[in-house]
Amino acid sequence: MRRFALILVPYLWLLALFLVPFVIVFKISLSDLAMAIPPYTPTLDLAEGWAGLVSFFRELDFENYVWLTEDALYWKAYLSSLQIAVISTVLTLLVGYPIAYGMARAPEEWRPMLLMLVILPFWTSFLIRVYAWMGILAKEGVLNQFLLWTGVISEPLVILNTNLAVYIGIVYTYLPFMILPIYASLERMDESLLEAAEDLGCSRLSAFWLVTAPLSKQGVIAGSFLVFIPTIGEFVIPSLLGGSKTLMIGKVLWDEFFANRDWPVASAVAVILLLILIVPIILFQRNQQKQREAEG
Amino acid sequence: MRRFSWFNATSLTLGFAFLYVPMIILIVYSFNKSKLVTVWAGFSTHWYGELLSNQSMLDAAWVTVKVAVISSSIATVLGTMAAYVIVRAGRFHGRTLFSGMIYAPLVMPEVITGLSLLLLFIGLNVDRGVMTIVLAHTTFSMCYVSVVVSSRLVSFDQSLEEAALDLGCSPLQAFRLVTLPIIAPAVISGWLLAFTLSLDDLVIASFTSGPAATTLPMKIWSSVRLGVSPEINALSTIMIALVTVGVISASLVNKRQAVRQKREEQAAERQS
């Protein structure tokens, strides 16, 4: 009995506030926009009984999905979200790997402090960390002032409100997610392997490629998924740092809902976004599972 | 003793500069006298005064803290229960669905979570405000709590609990006297994580709140969309300072606890 209650409480909570809302999103994505409250049709009227239910289901259709494929804005936004996610994942890896490497090879008594320095930004407000870059990248911002002062450039660079600013913002905010798993896999590594490789005539660089890189592969994969998956649906970074040409699907969904008040289309956008995310999420889960089995 | 190699020292210096210089710049400019955030006009704490006399900002801060405390507390209870179910309950009908619902919110884009909860609240005709934000935050943060707590439960020696039961404890007593003290560090970090996630959330709160409730991130959002503002710099500085103090003191407490535990273990060994 007690066990039953223990399972039931969190189960019902998640059903009611996680699963049911998704069913509603799917249902509304099959409805049509209407000038009413709520702004879609049909609405289910249980008072009409069976006849109401039948006519309700008859009116549902896939029109919004057809609309998504016809209007270039949407599939361009999906593609450009994927592209931005891929590029920024690669950039985060390039920036994060040397940091994780340096941490794992630092003197042992330094490591807890270095680890804390990586985790600290993670506890700091995401919004504030993105906002910090607005003042740096703006036309009269700190970076331009500095570069003009040193004489590297003579005209201020336009960085804010471009895709470049979005990449910088993503790399900056998601960097801890990349560093931590790579650090974990590098720290576990047995360093005598490197000595062995060098004894056997490897140069340091080829020892890195042949020994260290393969051994840190799991960390790289985990870190890349942890950056890639949330970036696709990112909203705050493209809105604050991106420009009018930065298309990301999270922003499209937000605008569709809040600016256009087209709930059915916003719901359809959400459903497709979910379908796109399912593939990397399943790959990630499977990878984690494999790793757990390899360790256990 | 190990030393830093030249390469590692460089990559660490550059890396941490990248992580910290933006925040330092933000902090420095919060003490700028000028309203123009790009021109340095001398030291001043003017914007802090402005911030503290901004009633709507203070109201938003209060709403945020209220939401964060309530939602993270409920989420800690639910998340610990869920962790128990995942680690201990064995097989039951719908187990796959259950663990799916625990892990899915961790990777779900916030725009989708927010949209779906809003549509639920509208469908149920619930008045949106503090309560609906609490429900939304509890739902996603309980999943984080359960991940943190279950990783601790997995490594927990179950025979301790069985011993307590053999010695006449009721299951609830065994949980309170044996299990809870052992998993407490994980439960506390789960609560802290849930609390910060709630403090930080903009997107889900924007979807699920009504005109009556504005959280601090929503307030920050509406003002920074128009550009950089010195008042927000001041607010950010306060928040960064609070987080820094919190994280450092938490790690000091942890360290001291680890040392004490080690000493107790050594003492126990000597006695036996």
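The values are calculated or read from the model by the stated rules, or taken from the named source; none is laboratory data. Note that the coordinates shown come from a computational prediction; the quantities given were computed from them, not determined experimentally. Ideal geometry is used to build each Cβ from the backbone, glycine not excepted, and the neighbour counts take in all protein chains shown.
Take the conditions surrounded by 19 or more Cβ atoms within 10 Å (Cβ to Cβ), in contact with a Phe, Trp or Tyr (Cβ under 9 Å, 6 or more places away or on another chain) and within 17 Å of A:SER88 (Cα to Cα) and apply them to A:ILE179. Does it pass?
On the way: surrounded by 19 or more Cβ atoms within 10 Å (Cβ to Cβ): yes; in contact with a Phe, Trp or Tyr (Cβ under 9 Å, 6 or more places away or on another chain): yes; within 17 Å of A:SER88 (Cα to Cα): yes.
Yes; evaluated as a whole, the condition is true for this residue.
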* Qualifying residue in the range A:187-199 (condition: of a type in the set (S, T, N, Q) and within 30 Å of B:PRO109 (Cα to Cα)) -> no
* Structure fact -> Picking from B:THR132, B:THR139, the residue that is among the polar types (S, T, N, Q) and within 9 Å of chain A (Cβ to nearest Cβ) would be B:THR139
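Quick one: which residue in A:PHE257, A:PHE284, A:PHE235 is at the interface with chain B (Cβ under 9 Å from one of its Cβ atoms) and free of Cβ contacts under 8 Å to residues at least 12 places away in the same chain? Before the answer, list the steps.
On the way: A:PHE284 fails: free of Cβ contacts under 8 Å to residues at least 12 places away in the same chain; A:PHE235 fails: free of Cβ contacts under 8 Å to residues at least 12 places away in the same chain.
Going through A:PHE257, A:PHE284, A:PHE235 in turn, the sole match is A:PHE257.
Considering only residues that are farther than 21 Å from A:LEU115 by Cβ and assigned to a helix (DSSP H, G or I), which ones fall in the range B:252-272?
Answer for the range B:252-272, where residues must be farther than 21 Å from A:LEU115 by Cβ and assigned to a helix (DSSP H, G or I): B:ARG260, B:ARG263, B:GLU264, B:GLU265, B:GLN266, B:ALA267, B:ALA268, B:GLU269, B:ARG270, B:GLN271.
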* Selection from the range A:135-167 of residues that are in contact with a helix residue (DSSP H, G or I) (Cβ under 6 Å, 6 or more places away or on another chain), closer than 20 Å to A:MET248 by Cβ and of a type in the set (Val, Ile, Thr) -> A:ILE159, A:VAL166
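Pull up the range A:194-218, narrow it to residues that are of a type in the set (S, T, N, Q) and assigned to a loop (DSSP other than H, G, I, E, B), then point me to the one that is farthest from A:LYS290 (Cα to Cα).
A:SER203
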* Do you know which residues across the range B:3-37 are part of a loop (DSSP other than H, G, I, E, B) and in contact with a helix residue (DSSP H, G or I) (Cβ under 7 Å, 6 or more places away or on another chain)? -> B:SER30, B:LYS33, B:LYS35, B:VAL37
* So, in the range A:238-247, of the ones that are more than 14 Å from A:ILE159 (Cβ to Cβ) and modelled with pLDDT of 90 or more, which residue ends up surrounded by the most Cβ atoms within 10 Å (Cβ to Cβ)? -> A:PRO238
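Among the residues of the range B:30-57, write down those that are among the hydrophobic types (A, V, I, L, M, F, W, C), surrounded by fewer than 14 Cβ atoms within 10 Å (Cβ to Cβ) and under 20 Å from B:ILE240 (Cα atoms). Walk me through how you get there before you give the answer.
To start, the set of residues in the range B:30-57 that are among the hydrophobic types (A, V, I, L, M, F, W, C) comprises B:31, B:36-37, B:39-41, B:43, B:47, B:51-52, B:57.
After this cut, where a residue has to be surrounded by fewer than 14 Cβ atoms within 10 Å (Cβ to Cβ) as well, the list is B:36, B:39, B:41, B:43, B:52.
Answer for the range B:30-57, where residues must be among the hydrophobic types (A, V, I, L, M, F, W, C), surrounded by fewer than 14 Cβ atoms within 10 Å (Cβ to Cβ) and under 20 Å from B:ILE240 (Cα atoms): B:PHE43, B:LEU52.
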* Single residue of B:THR76, B:THR96, B:THR80 found to be more than 10 Å from every other protein chain (Cβ to nearest Cβ), buried (at least 19 other Cβ atoms within 10 Å of the Cβ) and either in contact with a Lys or Arg (Cβ under 6 Å, 6 or more places away or on another chain) or among the polar types (S, T, N, Q) (or both) -> B:THR76
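Kindly indicate which of A:TYR101, A:TYR172, A:TYR131 is in contact with a Lys or Arg (Cβ under 7 Å, 6 or more places away or on another chain), facing chain B (nearest Cβ under 10 Å) and of a type in the set (Phe, Trp, Tyr).
Working: A:TYR101 fails: in contact with a Lys or Arg (Cβ under 7 Å, 6 or more places away or on another chain); A:TYR131 fails: in contact with a Lys or Arg (Cβ under 7 Å, 6 or more places away or on another chain).
The unique qualifying residue is A:TYR172.
Condition check ((1) within 11 Å of chain A (Cβ to nearest Cβ); (2) among the basic types (Lys, Arg)) across all residues:
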position: B:TRP221; (1), (2): yes, no
position: B:GLY227; (1), (2): yes, no
position: B:THR237; (1), (2): yes, no
position: B:ALA241; (1), (2): yes, no
position: B:GLN257; (1), (2): no, no
position: B:ARG260; (1), (2): no, yes
position: B:ARG263; (1), (2): no, yes
* Regarding A:ILE136, is this residue under 26 Å from A:SER224 (Cα atoms), at the interface with chain B (Cβ under 9 Å from one of its Cβ atoms) and at pLDDT 90 or above? -> no
